[in-house]
Amino acid sequence: MQQRNLIPPKNDSDFEEIMKIYARLEWNKNFVLCGRRGQLQNGIDIWDLQDSDRVIQCKNYSADRVDSFLKDIKGDYSTAVQNYSNIKYFVVATTIPDDVRIQKFIANMNEENRQNFVSITVELLSWNDISDFITKHSKAFQNEGFYTNIRFPIEEDVHTDNAKYAEGFSEPLFLHKNDSKVNLCNLFVMPKYDNSKTDLEDKLSAFVKSEERFLFIEGDAGCGKSTLVSWMNYHLQNNDDTAKNTFGDRQVITIRLRDLDRD
């Protein structure tokens with residue numbers, strides 16, 4: 001899955017809340033924060049009271065604090081295994097992106113456990129891993145007030161026709177006439193949906209806000225399908241009220257089927 005590069009939370013409390021949501025979704029257990037801030041947690045931040053074989057330590061550190069991170073994790077791990085006898089998985093969650101020094105350190109901890117016949121696995125969740133998970137489960141995090149404006153960046157190798165359709169909506173028609181000021185923007189009338197009083201604009205807006213995955217629009221040649229796509233991209237390009245009311249924060253990617261690479 002493509003990395004979304006979400007911005008890490010600014011404070012430790014938010015990061016712990018995010019990881020609590022992560023743990024509940026990932027392992028389908030009722031993970032809770034271990035006590036409250038200021039209380040002795042003995043090396044862990046999040047656990048499941050019913051089955052505490054997996055515990056989580058959260059480190060809201062920046063990428064320039066790797067040395068401190070490694071020192072603190074070693075200490076937290078030692079404290080946790082001394083105080084909680086049934087740990088099988090010690091999960092280290094951090095806002096530091098993928099870092100080979102941390103990866104090697106965790107790998108060495110696991111190798112040392114194997115050599116000493118210690119049946120505890122140390123797992124690492126970097127900010128890359130956490131960002132991807134948040135993006136995949138964006139609705140759950142948005143419901144809790146986190147990352148409410150996740151927008152999916154367009155892949156660099158996808159050649160979209162957004163701008164082409166937007167320009168076509170405002171370009172003059174009847175070019176054989178000098179100084180023609182007639183264009184689709186002046187002529188366009190939003191069609192009704194299914195012979196009802198509902199505008200197709202309302203239908204598009206409802207679709208964007210729904211759980212539906214597909215909206216299929218069909219019609220005879222020349223009935224206005226491409227014009228509708230031009231209308232969408234024109235307003236999205238201008239970021240006007242029509243675009244905001246219809247599409248909200250959703251991103252539109254326009255690709256002509258005839259331009260798709262068969263491979």
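The values are calculated or read from the model by the stated rules, or taken from the named source; none is laboratory data. Given the structure is predicted, the values throughout are model-derived calculations rather than measurements. Note that we place each Cβ from the backbone using ideal geometry, even for glycine, and neighbour counts take in every protein chain shown. The accessibility values were calculated without ligands, DNA or RNA, using every heavy atom of the protein model including side chains. Shrake-Rupley method; radii C 1.70, N 1.55, O 1.52, S 1.80 Å.
Couple of notes before you dig in:
- Over the chain, Cα pairs under 8 Å with separation of 6+ residues give a relative contact order of 15 percent.
- Under 15 Å of direct C-alpha separation, and excluding same-chain neighbours fewer than eight residues apart, Lys192 reaches these aspartates and glutamates: Glu201, Asp202, Glu218.
- On Cα atoms only, tilt of 200-209 relative to the major axis of the chain in degrees: 0
- Note on Asn83/His137: beta-carbon distance plugged into 1/(1 + (r/R0)^6) with R0 of 25 Å gives a FRET efficiency of 0.20.
- For region 56-172, the relative contact order is 23 percent, taking Cα pairs closer than 8 Å that sit 6 or more residues apart in sequence and dividing their mean separation by the residue count.
- Once both labels are positioned 7 Å from their Cα atoms along Cα-to-Cβ, the gap between Asn11 and Asp202 label points is 4.4 nm.
- Which label in [x] 1.11; [y] 1.43; [z] 0.96 gives the computed Cα Rg over 2.2 N^0.38 Å: [y]
- In this structure, the residue pairs whose Cα-Cα separation is over 19 Å, taken from Lys10/Lys209; Lys139/Lys209; Lys20/Lys59; Lys20/Lys209; Lys10/Lys136; Lys139/Lys225, are Lys10/Lys209; Lys20/Lys209; Lys10/Lys136; Lys139/Lys225.
- Tilt relative to the chain, helix 100-115 - C-alpha long axis, 0 to 90 degrees, to 10: 40
- Per residue, the accessible area of the chain comes to 65 Å², computed with a 1.4 Å probe over protein heavy atoms only.
- Rotationally averaged projected area of region 1-124 (alpha carbon convex hull; nm²): 8.1
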